[in-house]
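Below is one structure, written out as structure tokens, with a few remarks after it.
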Amino acid sequence: SGKTAHLLGSLAWAADSPVRAAVVFTGVTGSLNDQTHTRLESDLAALPGQPVRVLHVPTLRQERAFAEFLEDFCALAHARGGVADSGQPLPVLVTMKNRARAAAVKAAFAELSEVAGKSSVILAIDDESDQASQNAMSRQRRIAATYRAMADVRSLPLRNIWLSYTATPQAVLLTDRYGALRPDYVAVVPPRFGYFGVSDAMGPSFASNLIEVADWRVRASR
């Protein structure tokens, strides 16, 4: 549909802006995380001049790996200097969406605020934001652990831009009015040329390809 291409465009904009660092929460599965990492490496990191550096996020329990990651991240973010067109690559953290990884991202950005100042700008992208969303446990009137951890990132003393991408926006919009991650603005991204979606499947030109399954007349059985 072009959702990932739009996400990449947002990161490309950030690479040319005063944004010091970015993070992409890729969803709740390893396959989505690997897919996004590969796309970022091929479409952005491999460009001439290497405008971005893609970093995996270890958990805080992986102490040695996290210490090495934190050193690399802070060095990259500090080199950018918080100015547009610095010529230094934008560090982009890529991580699955869960409590442990979000806590590691929070620790990294908290360190950034200490070494580079609270005026530093970060870009956070919540891809597949319908997964582990704000209303994931709304029926139990509880806040999901992953959402709470991501909201902690949002509440850091840093200037931040938060973008949520999803094909099911009701998962983001049907949330608490004053939720930390509730969007202030919503934009519909038109699909790319050649995209086939629900509106096409239900259109008159596709009617001859539809088969009705009249299973609603049959009583439900165990």
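The values are calculated or read from the model by the stated rules, or taken from the named source; none is laboratory data. A quick note: this is a predicted structure, and the numbers were derived from the prediction, not measured. Counting neighbours? That spans all protein chains shown, and the Cβs are built from the backbone with ideal geometry, glycine included. Note: accessible area is taken over every heavy atom of the protein model, side chains too, but ligands, DNA and RNA are not part of it. Shrake-Rupley method; radii C 1.70, N 1.55, O 1.52, S 1.80 Å.
Computed quantities for the displayed model
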| quantity | calculated |
| --- | --- |
| Qualifying residue in the range 23-46 (condition: within 23 Å of Leu158 (Cα to Cα) and over 17 Å from the mean Cα position of the chain (by Cα)) | no |
| Residue pairs meeting the criteria (Cβ under 9 Å; at least 6 apart or on separate chains; first without any contact (Cβ under 8 Å) to a residue 40 or more places away in the chain and open to solvent by less than 100 Å² (accessible area, probe 1.4 Å), in the range 195-207; second part of a helix (DSSP H, G or I) and not aromatic (Phe, Trp, Tyr)) | Ala201/Asn209; Phe206/Asp200 |
| Selection count where residues are in a loop (DSSP other than H, G, I, E, B) and either surrounded by 19 or more Cβ atoms within 10 Å (Cβ to Cβ) or free of Cβ contacts under 8 Å to residues at least 40 places away in the same chain (or both), scope the range 13-38 | 4 |
| Residues of the range 55-69 satisfying the condition of being open to solvent by 50 Å² or more (accessible area, probe 1.4 Å) and without any contact (Cβ under 8 Å) to a residue 40 or more places away in the chain | His56, Arg61, Gln62, Glu63, Arg64, Ala67, Glu68 |
| Checklist (1) touching a residue at least 60 places away in the same chain (Cβ under 8 Å); (2) within 29 Å of Gly2 (Cβ to Cβ) applied to Gly82, failing item | (2) |
| Search result, residues across the range 39-74 that are touching a strand residue (DSSP E or B) at 6+ places or on another chain (Cβ under 8 Å) and outside any helix (DSSP H, G or I) | Pro51, Val52, Arg53, Val54, Leu55, His56, Val57 |
| Any pair with Cβ under 7 angstrom, 6 or more apart, that starts in the range 153-179 at a residue that is at negative phi and at pLDDT 85 or above and ends at one that is surrounded by fewer than 15 Cβ atoms within 10 Å (Cβ to Cβ) and in a loop (DSSP other than H, G, I, E, B) | Pro157/Lys118; Leu158/Lys118; Arg159/Ser119 |
| Unmet criterion (only one of (1) in contact with a Pro (Cβ under 7 Å, 6 or more places away or on another chain); (2) surrounded by fewer than 19 Cβ atoms within 10 Å (Cβ to Cβ)) for Asp72 | (1) |
| Selection within the range 151-163 - open to solvent by less than 20 Å² (accessible area, probe 1.4 Å) and over 16 Å from Tyr178 (Cβ atoms) | Val153, Leu158 |
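Residues checked against (1) part of a strand (DSSP E or B); (2) surrounded by 23 or more Cβ atoms within 10 Å (Cβ to Cβ):
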{"site": "Gly82", "(1), (2)": "no, no"}
{"site": "Ser86", "(1), (2)": "no, no"}
{"site": "Lys97", "(1), (2)": "no, yes"}
{"site": "Ala102", "(1), (2)": "no, yes"}
{"site": "Ala110", "(1), (2)": "no, no"}
{"site": "Ser113", "(1), (2)": "no, no"}
{"site": "Leu123", "(1), (2)": "yes, no"}
